[in-house]
1. Treating only the Cβ atoms of Lys and Arg (+1) and Asp and Glu (-1) as charged, compute the dipole magnitude of the chain about its Cα centre; round to the nearest 20 debye.
2. Give a quick list of GluC sites (Glu not before Pro) in the stretch 150-180 that DSSP marks as loop, anything other than H, G, I, E or B, with at most 11 other Cβ atoms within 10 Å.
3. All other residues with a Cβ under 15 Å from the Cβ of Phe63 taken together, and with Lys, Arg as +1 and Asp, Glu as -1, what is their net charge?
4. Given H placed 1.01 Å from N in the peptide plane, which residues other than close sequence neighbours of Leu123 have an amide H under 5 Å from its amide H?
5. Which value at 222 nm does the chain reach when only helices count, each DSSP H run of 4 or more adding -39,500 (n - 2.57), with the total divided by all residues and rounded to the nearest 500 deg cm²/dmol?
6. What figure in square angstrom, to the nearest 10, would you give for the accessible area of Lys93 with a 1.4 Å probe?
7. Quick check of the Kirkwood formula: for the chain, what is the inverse mean of 1/r over all pairs of different Cα atoms, in Å?
8. Once you sort the root eigenvalues of the Cα gyration tensor of the stretch 1-64 as a ≥ b ≥ c, which label holds: rounded (a/c under 1.5), prolate (a/b larger than b/c) or oblate (the other case)?
Amino acid sequence: KELLLRGPIAFSTATVGGKRVTDVGASLNVKGHRINLVNLKATAYGGLVAGKSFSIDTETGDFFSEGLTVDRLDLREFSLDTAGYAKRSLGGKASLTIQDLAGRAADAKTITGKGRLSIRDGLLWEVPVFVSLFTLNPQELFKSKQLFDTGAVDFELKERRISIEKLSFSSEGVSVLGRG
């Protein structure tokens, strides 16, 4: 009367949220309408993806993920595969950690979590947030050598908002630090 399924699961390629991932593996446990994936591992855009666990209730859409990380994702590869960014000059390696990601699928106002995004060896000037931050450019401050190449953002997801708790970006001659 209730579906029970347990064992390893593996895919050579998959699409998650419109993004391609390869070499996907996890331990699967299905009990009724609850799907649990444990010890998730995959590669995406040259980086490694890992997750301690991900659970979803297929009846309610409620989900929870514990310890999701992306390490050394290639921003250029990712941007080429992302509408609106494919023609921009982005580069570098991004790492992302999200703790206690939870909510209800297709209901953005319920999604919560905390995380950190860090970027190294970056080429970030063409990201709209950076352009809008510096609309009052002092004359020659942002020449090509001033492109942001490292950065970190600590954030919280809550009530359809990404609240930035701490932000820092730097280049050879410019640093930006902020909160809020």
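1. Dipole about the Cα centre, nearest 20: 120 debye.
2. Listed in order of number, the matching sites are Glu159, Glu172.
3. Working: positive: Arg34, Lys52, Arg104, Lys109; negative: Asp57, Glu59, Asp62, Glu66, Asp100, Asp107.
My count for the surroundings of Phe63 gives -2.
4. Amide H to amide H, under 5 Å and 5 or more residues apart or across chains, Leu123 pairs with Gly91, Gly92.
5. Only helices count here, giving -1500 deg cm²/dmol.
6. 70
7. With all distinct Cα pairs of the chain included, I get 18.2 Å.
8. prolate
The values are calculated or read from the model by the stated rules, or taken from the named source; none is laboratory data. Every value quoted in this text rests on a predicted model; they were computed, and no experiment measured them. Neighbour counts run over all protein chains shown; Cβ positions are idealised from the backbone, glycine included. Just the protein is used for accessible areas: all its heavy atoms, side chains included, with ligands, DNA and RNA removed. Shrake-Rupley method; radii C 1.70, N 1.55, O 1.52, S 1.80 Å.
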